[in-house]
Amino acid sequence: MIDLRILRQDPEKARDAQRRRGAAPELIDEILSADEARRSAIAAFERLRAEQKSLGKQVARATGDDRAGLLERTKVLAVEVKQADTSQAEAETRFQDTMMQLPNLASPEAPAGGEDDYVVLEHVGEPRDFAAEGFEPLDHLELGKRLGAFDVERGAKVSGARFYYLTGVGAMLELALVQMAMERAQEAGFTPMIPPALVKPHAMAGTGFLGQAAADVYHLPDDDFYLVGTSEVPLAAYHSDEILDTSTLPRRYAAFSPCYRKEAGSYGKDTRGIFRVHWFDKVELFTYTTVEDSYAEHERLLQWEKEWLISLQLPFRVIDTAAGDLGMSAVRKFDCEAWIPTQGKFRELTSTSNCTEFQARRLGVRGRSEEGIKPLATLNGTACAITRTIVALLENHQQADGSVSVPKVLQPYLQGREVLTPIA
């Protein structure tokens, strides 16, 4: 949620942020109109309520005809107060509903436009030249079958399309990546956590996932729970309705959890293998800090993600995501996209977003300092999205005989194995 003073004092700034996202700038005027109607309704109610209190005192002192007249006015006023209270509540609801539609104000530094309007900030590492090595690379699905690493046919049989079993070395790869990611996060000052994957509506709405992303969310209506698409949700709600001492900031958490996504709108995309699935596990980084410190923290999160991919010897690029592809909560987002040889392109493996006060305002997370109490900033970043990382590792580190070399940094987590060999 946006600081309303920004919209009142500088509405054109907010309109411009909407335009950069490719969203309707008229929403700002709807919010300001609803705000004015709400304030007018509150003033009307308070005026009538004050008259009602004053009248009560007059009735207590009055006698005879004066008292009778005042009592008659009291009856009429009671009806007017009730109507004004209803109008006030309706105006407040309309204002809140309209305000909740507004995404965070995209940073002027974020490129304007949609999904394809990103800016490449840097390339790290060089993709392998398989032709020069004398063989055609296999895709991750074929490699996974030969290694006995996953089973998508039985995943589909049991759960449907975009589900899978990680088997044998695939299951061991997940456990190795999770342990390595959690250890590195702890070394960087993050507190390890395993949060719930089912959350109440206020947690999902508070993080901005019931707006633009609602179609991608699994809902259990009988219990009114949501399956999280990222542990960003329970981490953002962890300190909801709390006031934190700013001297304890930043507070950093690293969470391992399953993630569930409908992948709405992705029909026909990435249907082969385990790149785009309805369920995957992930280690997520999350920070609470002040807005002033959030920008430097965003750069730190990006650097940790880059170091992770470098350690796995994966060639990748970093992009500055365009405003229209930021999602509801972020003002700016950086993606690290790894090279996938058989696709011949870079694909997102990690992402980090600065959400400034947006989620904190919705969830009531505030900080106390000498200057007073005000909303904090929240940031999130991917430490490791398991299935996509496995895809990138298999394809980039495959050998001509169908085996896959294990990056040195990962070997201790796989009982020292240097190579993953086909089982048949």
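The values are calculated or read from the model by the stated rules, or taken from the named source; none is laboratory data. In this text, all values refer to a predicted model and were calculated from it rather than measured experimentally. Cβ placement follows ideal geometry from the backbone for every residue including glycine, while neighbour counts extend to all protein chains displayed.
Evaluate the following for residue 343: is it in the same structural domain as residue 248 (by TED's automatic domain parsing), surrounded by fewer than 23 Cβ atoms within 10 Å (Cβ to Cβ) and polar (S, T, N, Q)? Yes, satisfied. Of the residues 89, 14, 68, the single one that is crowded, with 16+ Cβ neighbours inside 10 Å, among the small types (Gly, Ala, Ser) and not assigned by TED's automatic domain parsing to the domain that holds residue 361 is 14. Based on what the data block shows, is residue 332 of a type in the set (D, E, K, R) and over 15 Å from residue 297 (Cβ atoms)? In short, no. Whether any residue in region 140-150 is closer than 30 Å to residue 7 by Cβ and charged (D, E, K, R) is what I want to check. Among the residues of region 140-150, not one is closer than 30 Å to residue 7 by Cβ and charged (D, E, K, R), which makes the answer no.
Of the listed requirements (1) modelled with pLDDT under 90; (2) under 30 Å from residue 354 (Cα atoms), residue 98 misses just one: (1). With respect to being in contact (Cβ under 8 Å) with a residue 24 or more places away in the chain and either in contact with a Cys (Cβ under 9 Å, 6 or more places away or on another chain) or of a type in the set (Ser, Thr, Tyr) (or both), residue 54 falls outside the description. The residues listed here are 73, 94, 61; of these, the one that is basic (Lys, Arg) and under 39 Å from the mean Cα position of the chain (by Cα) is 94.
Quick one: in region 400-419, which of the residues that are out of contact with any helix residue (DSSP H, G or I) (no Cβ under 9 Å at 6 or more places or on another chain) and under 20 Å from residue 139 (Cβ atoms) is modelled with the lowest pLDDT? Only one residue tops the list, namely 401. Identify the residue in region 151-207 that is basic (Lys, Arg) and free of Cβ contacts under 8 Å to residues at least 40 places away in the same chain and, among all such residues, is nearest to residue 255 (Cα to Cα). Across region 151-207, the extreme among qualifying residues is 200.
Listed by position, the helices (runs of 4 or more DSSP H) enclosed by region 3-104 that each have at least 3 residues that are among the aliphatic types (A, V, I, L, M) and under 28 Å from residue 365 (Cα atoms) are 4-9, 26-61, 64-99.
Selection of region 208-236 for residues being among the polar types (S, T, N, Q) and more than 19 Å from residue 281 (Cβ to Cβ) yields only 212. Across region 315-350, what is the total count of residues that are of a type in the set (A, V, I, L, M, F, W, C) and within 30 Å of residue 131 (Cβ to Cβ)? The qualifying residues number 9. Return the total of residues in region 113-150 being touching a helix residue (DSSP H, G or I) at 6+ places or on another chain (Cβ under 9 Å), in a helix (DSSP H, G or I) and within 20 Å of residue 313 (Cα to Cα). Of the residues in region 113-150, 3 are touching a helix residue (DSSP H, G or I) at 6+ places or on another chain (Cβ under 9 Å), in a helix (DSSP H, G or I) and within 20 Å of residue 313 (Cα to Cα).
Might you check whether a residue that is crowded, with 23+ Cβ neighbours inside 10 Å, of a type outside the set (Val, Ile, Thr) and over 23 Å from residue 216 (Cα atoms) occurs anywhere in region 265-288? Yes, because at least one residue in region 265-288 is crowded, with 23+ Cβ neighbours inside 10 Å, of a type outside the set (Val, Ile, Thr) and over 23 Å from residue 216 (Cα atoms).
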